[in-house]
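To keep things clear, I will list the structure first and then write my remarks on it.
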Amino acid sequence: MKIFLSGELVDEKDAVVSVFDHGLLYGDGVFEGIRAYNGRVFLLDEHIDRLYDSAKAIALNIPMTKEGMSQAVVDTCKANDIVDGYIRLVVTRGKGTLGLNPYLCDTAEIIIIAARIQLYPQELYDNGLKIVTVGTIRNHPEAINPRIKSLNYLNNVMAKIEAINAGCMECLMLNHKGEVAEASGDNVFAVKNRVITTPPSTCGALEGLTRNKVMELARAAGYEVREASLARYDLYVADEVFLTGTAAEIISVVDIDKRAIGTGKPGSVTADLALIYAECANSEGTPIQ
Ligand code: PXG
């Protein structure tokens, strides 16, 4: 495998970073997880924009233009013959001292890994997920704003541990006010009387690109789509609940805290949206070759 590191494509065995890199020492950095479908990088511009916004928010200067970054993603896919894949784009603060001060770090380190995608088992898409609400709340927005896709994922990892300990693969995270925020690595949607609602990012959700695309496609298909604060109650009594994310795409939730959602089986609106999304993902994007 060829990895993009510090401006060039190197062999995987040579793709090493310093133990003094603040991405490792402090989780100081930002990242994106991007999909390629059918020889095209899906939502590339949107991912690059979000990466630079996250970097801006943590006062991290990325030593490359957005155009250069987009080209580097495409070049890394090309070098690895990616047709359908998952791209991990990471920007760390770079090599520094054994102290927090980010201003003492060298230039940011840019890492791009283009790999084959590990899909969730089909069974989960056919039958839906069971999830639980966890005690770990989403980061307070004035501590680390959940809109920043930072390398510091401990908040989500702690939630994921609770989910797995409860026998679930995903969980529901609330914000500091008890409102629904999102799952540990996916956004959440509720469907009630065919109206589709998802929390706004101010409720503690990452502004997911799958989320945004699903809202756009749903509106174009004639659904009413709202961004509004949701309580756990709203999810318990919804007709359908589903999660969205680059890796998961669109997946039904059929049980939350032992309450069956709707019929307890994946619903028709979710299935309709998954189909529309797949069509879009397979026909749009930045060509690799
Ligand atoms: N919320 C959080 C906290 C995320 O990390 C999403 C929502 C969905 O956003 P996108 O833009 O992907 O629609 C994410 C991103 C993984 C993995 O390996 C998934 C994410 C992040 C890191 C790893 O499954 N999801």
Every residue from the range 158-178 that is of a type in the set (A, V, I, L, M, F, W, C) and open to solvent by less than 70 Å² (accessible area, probe 1.4 Å): 159, 163, 166, 168, 171, 172, 173, 174
If I go through the range 165-178 residue by residue, how many of them are assigned to a loop (DSSP other than H, G, I, E, B) and within 13 Å of the ligand (Cβ to nearest atom)? 2
Kindly check whether there is at least one residue in the range 150-163 that is over 25 Å from residue 27 (Cα atoms), in contact (Cβ under 8 Å) with a residue 12 or more places away in the chain and more than 9 Å from the ligand (Cβ to nearest atom). no
Among (1) touching a residue at least 24 places away in the same chain (Cβ under 8 Å); (2) more than 16 Å from the ligand (Cβ to nearest atom), which single condition is residue 142 missing? (1)
Given the condition among the aliphatic types (A, V, I, L, M), open to solvent by 40 Å² or more (accessible area, probe 1.4 Å) and more than 22 Å from residue 232 (Cβ to Cβ), answer yes or no: does some residue in the range 121-137 qualify? no
Just to check your reading of the model, which residue among 67, 46, 8 is of a type outside the set (S, T, N, Q) and closer than 20 Å to residue 185 by Cβ? 46
Filtered residue count, the range 135-157, keeping only those that are assigned to a loop (DSSP other than H, G, I, E, B) and either over 19 Å from the mean Cα position of the chain (by Cα) or closer than 29 Å to residue 81 by Cα (or both): 5
Based on this model, can you work out whether residue 60 counts as of a type in the set (A, V, I, L, M), away from the ligand (no atom under 15 Å from the Cβ) and in contact with a Pro (Cβ under 9 Å, 6 or more places away or on another chain)? yes
Does the range 100-116 hold any residues that are within 18 Å of residue 85 (Cβ to Cβ) and not β-branched (Val, Ile, Thr), and which are they? 114, 115, 116
Restricted to the range 138-155, and to residues that are farther than 28 Å from residue 259 by Cα and in contact with a helix residue (DSSP H, G or I) (Cβ under 7 Å, 6 or more places away or on another chain), which residue is most open to solvent (accessible area, probe 1.4 Å)? 147
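The values are calculated or read from the model by the stated rules, or taken from the named source; none is laboratory data. In this text, all values refer to a predicted model and were calculated from it rather than measured experimentally. When we count neighbours, we look across all protein chains shown, and the Cβ atoms used for this are built from the backbone with ideal geometry, even at glycine. Areas reflect the complete protein model, heavy atoms only, side chains present, ligands, DNA and RNA absent. Shrake-Rupley method; radii C 1.70, N 1.55, O 1.52, S 1.80 Å.
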